[in-house]
Amino acid sequence: MYLETPPRLIPTTIFSAMPERFRRKGVRSDWADANRPGMPTDSFIEGPSFDAEGNLYIVDIPFGRIFRIAPDGAWSLVIEYEGWPNGLKIAKDGRILVADYMHGIMELDAEEGCIAPVLTARNSESFRGCNDLHPASNGDIYFTDQGQTGLHDPSGRVYRLAPTGRVDCLIHTGISPNGLVLDPSESVLFVAMTRDNSVWRLPLMKDGSVSKVGRFCSLFGTSGPDGMTMDVAGRLFVGHASLGHVFVFAPNGELIARIKSCAGGACTNVAIGGASKDRLYITESATGSVLVADISELN
């Protein structure tokens, strides 16, 4: 996984943890029963994304909640609804897009506190369980349809929704497709395949298709890679849902750093923030904490 030198170790601190008043202790949910059987789940946060004012939005999957965390770490509930918001991204135009495992692709109006569907099916077929999404600069929305797929059922899908409403299926043999991100040129899409414990690299062709899809990197553990982000230098930050780390890969696939959780082991999603874009924020879902790491030393 690395070539000449061991990967640099970068520590984390807790930026903010879910306040006790928001934790649903002793409350069961169908999502937790299916995805975390036998484990107490008072929350399960993912989907960090910053708005233009520096507020961090996150989702709480099992209880259908979306929160806003102010720059000083204070939490406020934006919406609670009947759904399972799994991933969230704020587009450059300010749209707050949500991949909802129950409903499909949604859009949140944070000012009004309401959420509405954008895409709930393709060709009249419901999705298996949308997991995460990534908006492109041209308005396209790439998203994963993971459901309960895995090595036993490699039928997860990766889609692209165009502003015209056209929906293209780019991958239909995914092994639990999860987080995804475009490279800086938006010519390559990276997709975390959780149950394959790998990240796939999808070159995007001029006709809109993908070709020569391959494994960019392979990992290990009881779960696998989850959410991802990429910096302007093309370094890929991969949250791992069972190893308590975010792994940082150079554009050529070399593992150059590992960012270690100071809380639990479920580093599910990541977002780059800070005035100089030199901080990495990580949702640690097992403890309901948002961690932060200084990534300036990578420059």
Go through segment 62-68 residue by residue and turn each phi into a ³J(HN,Hα) via Karplus (6.51, -1.76, 1.60, θ = phi - 60°); whole Hz please, and just put x for glycine and proline. x, 10, x, 10, 10, 10, 10
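Before rounding to the nearest 500, sum -39500 (n - 2.57) across all DSSP H runs of length at least 4 in the chain and divide by the residue total; then give [θ] at 222 nm in deg cm²/dmol.
It comes out at -500 deg cm²/dmol, rounded to the nearest 500.
Treating only the Cβ atoms of Lys and Arg (+1) and Asp and Glu (-1) as charged, compute the dipole magnitude of segment 8-298 about its Cα centre; round to the nearest 20 debye.
My answer is approximately 680 debye.
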From zero outward in steps of 5 Å, how is the percent of C-alpha pairs of the chain spread across the bins? 1, 5, 13, 18, 21, 18, 13, 8, 2, 0, 0
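Would you please put 136-146, 247-257, 205-215 in order of how densely packed they are, using the mean number of other Cβ atoms within 10 angstrom per residue and starting with the highest?
Packing proxy ranking, top to bottom: 136-146, 247-257, 205-215.
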Among Gly165, Tyr101, Phe247, which residue has its Cα furthest toward the positive end of the charge dipole of the chain, with +1 on Lys/Arg Cβ and -1 on Asp/Glu Cβ? Phe247
Under the 0.36 nm per residue contour assumption, what length would be gained going from the current alpha-carbon distance of Ala275 and Ala250 to full extension? 6.7 nm
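What are the equivalent ellipsoid semi-axes of segment 1-113, built from the alpha-carbon gyration tensor (square roots of five times its eigenvalues), in whole angstrom, biggest first?
The answer is 25, 21, 16 Å, longest axis first.
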Please work out how many pairs of lysine residues in the chain are eight or more positions apart (or on different chains) and have Cα atoms closer than 28 angstrom. 9
If one computes P(r) from the Cα atoms of segment 223-287, what percent of pairs lie at distances over 13 Å? 59
Which order do peptides 272-279, 189-196 fall in by mean Cβ count within 10 Å, highest first? 189-196, 272-279
Mind listing the long-range amide H neighbours of His103? Cut-off is under 5 Å, sequence gap 5 or more, other chains count too, H placed in the peptide plane at 1.01 Å from N. Trp84
Computed on Cα atoms only, the convex hull of segment 125-254 has an orientation-averaged projected area in nm² of 7.7
Relative contact order (percent, whole number), the chain, Cα cutoff 8 Å, 6+ residue spacing: 16
For segment 196-283, what does the relative contact order come out to in percent, with C-alpha contacts under 8 Å and a separation of six or more? 20
When the Karplus curve 6.51 cos²θ - 1.76 cosθ + 1.60 is applied with θ = phi - 60°, which whole-Hz ³J(HN,Hα) does each residue of segment 206-218 get, with x for Gly and Pro? 5, 7, x, 8, 10, 8, 6, 5, x, 7, 6, 7, 10
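Rule-based calculations on the coordinates, nothing more; no lab input. Quick caveat, the model's predicted, so the values are computed rather than measured. Because the Cβ atoms are built from the backbone with ideal geometry, glycine has one as well, and the counts that use them run over all protein chains shown.
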